[in-house]
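Everything on this sheet refers to the single structure shown next.
The numbers here are math on the coordinates, done by the rules we state, and not lab data. Predicted, not measured: the structure shown is a model, and the values here were computed from it. So basically every Cβ, Gly included, is an ideal-geometry build from the backbone, and we count neighbours across all protein chains shown.
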Amino acid sequence: MRAPLTSKGALRLRAELEELKSVKRPAVIAAIAEARAHGDLKENAEYHAAREQQGFIEGRIKQLEAELSHAQVIDVSTLNAGSRVVFGAIVVLADTETDEEKTYQIVGDLEADIKQGMIAISSPVARALIGKHEGDAVTIDAPAGQREYEIVGVRYEG
């Protein structure tokens, strides 16, 4: 099965890949060359740090290339799911006890970032929401125990 990815997420990952290839890779190669010029490599901390950084950059490039080549990019703005929660939905939840609202977008595992309110499709919260409709009540297993939420809004934005 191909991993789902929003078109916004795919753009962001392609931009990161381009920066790694055109900016960071050349910079670390230059840093390695400069560190080599300092002589003895055994005790050259700059050289070892630059080589470690190079390994990280090359690993991330390979990971991004593989993930992007196997991803199924979905344009969320073309989804016509109405009030039903599917991949790409932006869901507004209200805690039934506190009335506190939280907004999440259900995205692919690669682009998930809880600080930005983007939760992975494979997460327990997303799995509890998929297939539900605006107005439905959902119970979500949270670290502090079960919480009851009402889905107060579902929208789709590109």
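Annotations for the structure displayed:
- Projecting the Cα atoms of Q105, G59, T78 onto the dipole axis of the chain, where Lys and Arg carry +1 and Asp and Glu carry -1 at the beta carbon, places G59 farthest toward the positive end.
- Sorted by Cβ neighbour density within 10 Å, fewest at the top, the residues V28, V23, V152, V91: V23, V152, V28, V91
- For the chain, relative contact order (Cα pairs under 8 Å, six or more residues apart, normalised by length) works out to 25 percent.
- In a reduced charge model with +1 at each Lys and Arg Cβ and -1 at each Asp and Glu Cβ, the range 105-158 shows a dipole moment near 60 debye about its Cα centre.
- Within the chain, helix-based [θ] at 222 nm, where runs of 4 or more DSSP H residues each add -39,500 (n - 2.57), nearest 500: -11500 deg cm²/dmol
- Across the chain, the longest run free of exposed loop sites, meaning trypsin sites (Lys or Arg not before Pro) lying outside DSSP classes H, G, I, E and B with no more than 14 other Cβ atoms within 10 Å, spans 43-158.
- Computed over the alpha-carbon pairs of the range 76-155, the distance histogram in 5 Å steps reads 3, 17, 28, 28, 17, 5, 1, 0 percent, short to long.
- Point-charge dipole on Cβ atoms (K/R +1, D/E -1) for the chain, about Cα centre, debye to 20: 680 debye
- Residues T98, T103, T6 arranged by fewest to most Cβ contacts within 10 Å: T98, T103, T6
- Rounded tilt (10° steps) of 45-70 against the dominant C-alpha axis of the chain: 40 degrees
- Each DSSP beta bridge with both residues in the range 57-158 is either parallel or antiparallel, and the antiparallel ones are about 85%.
- Equivalent ellipsoid semi-axes - Cα gyration tensor, the chain, angstrom: 43, 18, 11
- Here the dipole of the range 3-74 is about 260 debye; that uses its Cα centre as origin and unit charges on the Cβ of Lys and Arg (positive) and Asp and Glu (negative).
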